[in-house]
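*Asks:* Can you read through this structure? Questions will come right after.
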Amino acid sequence: MHFVEANGASIPAIGLGTWELQGRDCARVVEQALRLGYRHIDTAQIYENEREVGAGLRASGVRRDDVFVTTKVWTTHFAPNDLERSVKESLSRLRLAAVDLLLLHWPNPQVPLAETLGALAHARQMGLARHIGVSNFTVALIEEAVATCAEPLVCDQVEYHPYLDQAKVIDACSRHDMAVVAYSPIAKGKIKNDEVLARIGAHHKKSAAQVCLRWLIQQNVVAIPRTSKVERLSENIDVFDFNLSDEEMTEIFTMGSPQGRLTNFGFAPKWD
Ligand code: 1BO
């Protein structure tokens with residue numbers, strides 16, 4: 001497994017995203033993923049599956065310390081006391097003493113960012129999280145957060161795949177030694193039918209999805225593809241035995257645009 005280093009954190013480059021995985025299916029997929037060699041699981045309070053993620057982790061038999069577990073605080077818990085209480089509730093659902101990474105899930109302009117970051121930093125100081133970071137933050141918000149937070153922020157988790165140009169966010173993260181963690185890295189399955197990626201993949205005996213994940217890894221980006229199918233779990237982690245050429249990387253970069261976003265909500269910030 002390849003790791004991405006960021007502000008003192010070592011993050012496994014491929015993780016399992018669990019957005020929209022529920023109940024027994026979620027626990028089963030987490031267990032299978034860990035048995036297949038995954039060492040990074042991503043959940044969130046709003047996914048309502050932290051209990052199942054914890055159950056899958058225990059059922060896998062993999063040592064707790066060998067797995068990098070991320071959860072995210074939902075925006076309704078951004079007032080300082082709420083944040084601390086909600087993180088303790090997350091830990092009790094996961095049945096863990098601490099998570100490896102704790103993120104603010106989306107920006108929430110209703111609560112001053114400095115107050116929320118103070119509580120996030122305090123959660124780390126109390127030992128509830130080994131590392132902290134943000135998600136869905138724009139360049140301006142990254143700058144504000146880095147300037148305000150008393151503890152290092154190790155990542156911004158954002159939507160990123162070949163159809164969405166995220167050059168500005170990537171540049172801001174790299175200036176602050178923060179990792180970019182890509183959610184929906186295979187564009188909610190759209191990549192599987194992409195002709196350019198399939199053509200590049202044929203050259204390497206890999207699928208279009210594997211080329212896409214490899215393209216992210218070669219940028220030092222962490223990817224957290226979600227799947228409920230065991231064969232896809234194996235496919236998504238089998239991306240460490242080939243290299244894309246500079247020409248192939250560049251060709252894939254030309255597919256991105258700011259309009260390629262697939263996840264948007266009324267409460268989202270004004271994107272870069
Ligand atoms: C509302 C969930 C977006 C991705 O984590």
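Throughout, read-outs are computed from the coordinates displayed, never taken from laboratory work. Quantities reported herein were computed from a predicted structural model and do not represent experimental measurements. Note that each Cβ is placed from the backbone with ideal geometry, even for glycine, and that neighbours are counted across all protein chains shown.
*Asks:* Viscosity 1.567 mPa s, temperature 4 °C: give me the Stokes-Einstein translational D for segment 1-41 in µm²/s, with Rh taken as the Kirkwood radius over C-alpha pairs.
*Replies:* The Stokes-Einstein estimate is 116 µm²/s.
*Asks:* Nearest 20 debye, what's the magnitude of the dipole of segment 158-216 about its Cα centre given +1 on Lys and Arg Cβ and -1 on Asp and Glu Cβ?
*Replies:* 280
*Asks:* Using the eigenvalues of the Cα gyration tensor, what equivalent ellipsoid semi-axes result for segment 73-171 when each is taken as the square root of five times the eigenvalue, whole Å, largest first?
*Replies:* For segment 73-171, the ellipsoid semi-axes come out as 23, 15, 12 Å.
*Asks:* Which number comes out as Rg/Rh for segment 132-272 once both Rg and the Kirkwood Rh are worked out on C-alpha atoms?
*Replies:* 0.98
*Asks:* What does the charge add up to near Leu128, with Lys and Arg as +1, Asp and Glu as -1, over the other residues with Cβ less than 10 Å from its Cβ?
*Replies:* Overall, the nearby charge balance is +2.
*Asks:* Do you know the Lys pair count in the chain for C-alpha distances under 15 Å, with sequence separation 8 or more or different chains?
*Replies:* Taking the Cα cut-off of 15 Å, the pair count is 6.
*Asks:* Compute, for segment 113-173, the length of the dipole vector about the Cα centre, with Cβ point charges of +1 (Lys, Arg) and -1 (Asp, Glu) only. Units Debye, rounded to 20.
*Replies:* 260
*Asks:* Where is the GNM fluctuation largest for the chain (alpha-carbon springs, 10 angstrom cutoff): Val211, Val62, Val154?
*Replies:* Answer for the Gaussian network model of the chain: Val62.
*Asks:* State the extension gain, in nm to one decimal, for the chain segment bounded by Glu89 and Ala59, taking 0.36 nm per residue of separation less the distance between their alpha-carbons.
*Replies:* Result for the pair: 8.7 nm of gain on full extension.
*Asks:* Here is a follow-up. If you take the alpha carbon radius of gyration of segment 1-115 and divide it by 2.2 N^0.38 Å, what ratio comes out, to two decimals?
*Replies:* Details: Rg = 14.2 Å, N = 115, 2.2 N^0.38 = 13.4 Å.
Normalised Rg, Cα atoms only: 1.07.
*Asks:* Moving on. As an exercise, use a Förster radius of 35 Å and the Cβ-Cβ distance of Glu144 and Met249 to find the FRET efficiency, rounded to the nearest 0.05.
*Replies:* 0.65
*Asks:* Among rounded, prolate and oblate, which fits the chain when a ≥ b ≥ c are the square roots of the eigenvalues of its C-alpha gyration tensor, a/c under 1.5 means rounded, and a/b larger than b/c means prolate?
*Replies:* Working: a/c = 1.83, a/b = 1.26, b/c = 1.45.
Oblate, because a/c is 1.5 or more while a/b does not exceed b/c.
*Asks:* Could you state the number of Å between the C-alpha centres of segment 55-72 and segment 204-272?
*Replies:* 24
*Asks:* Additional query: Calculate the dipole size of segment 1-117 relative to its Cα centre from +1 charges on Lys and Arg beta carbons and -1 charges on Asp and Glu beta carbons; express the result in debye to the nearest 20.
*Replies:* Magnitude of the dipole: close to 420 debye.
*Asks:* Right, here's the next one. With point charges of +1 on the Cβ of Lys and Arg and -1 on the Cβ of Asp and Glu, referenced to the Cα centre of the chain, which listed residue (Ser90, Pro109, Thr138) lies farthest in the positive direction of the dipole?
*Replies:* Checked the options; the winner is Ser90.
*Asks:* Which value at 222 nm does the chain reach when only helices count, each DSSP H run of 4 or more adding -39,500 (n - 2.57), with the total divided by all residues and rounded to the nearest 500 deg cm²/dmol?
*Replies:* -12000 deg cm²/dmol
*Asks:* Got a sec? How would Ser86, Ser228 order by Cβ neighbour count within 10 Å, fewest to most?
*Replies:* Ascending Cβ contact count within 10 Å gives the list Ser228, Ser86.
*Asks:* Follow-up question, since we're still on this one. For the chain, what is the percent of antiparallel DSSP beta bridges, rounded to the nearest 5?
*Replies:* The answer is about 15 percent antiparallel.
*Asks:* Under the 0.36 nm per residue contour assumption, what length would be gained going from the current alpha-carbon distance of Lys190 and Phe242 to full extension?
*Replies:* 16.5 nm
*Asks:* Moving on. Could you compute the longest span of the chain free of trypsin sites (Lys or Arg not before Pro) located in DSSP loops and having at most 11 other Cβ atoms within 10 Å, not counting the site residues?
*Replies:* With a cap of 11 other Cβ atoms within 10 Å, the longest stretch comes to 64-204.
*Asks:* Helix 113-125 against the longest principal axis of the chain: what's the angle in degrees, Cα atoms only, rounded to the nearest 10?
*Replies:* Taking Cα atoms only, the helix is inclined about 90 degrees.
*Asks:* Kindly express, to the nearest 10 degrees and within the range 0 to 90, the angle between helix 195-204's C-alpha long axis and the longest C-alpha principal axis of the chain.
*Replies:* Once rounded, the angle reads 80 degrees.
*Asks:* Under 1.5 on a/c is rounded, so check that first for segment 45-84, then, if it is not, pick prolate when a/b is larger than b/c and oblate when it is not; a ≥ b ≥ c are the square roots of the alpha carbon gyration tensor eigenvalues.
*Replies:* Values: a/c = 3.66, a/b = 2.24, b/c = 1.64.
Here segment 45-84 falls in the prolate category.
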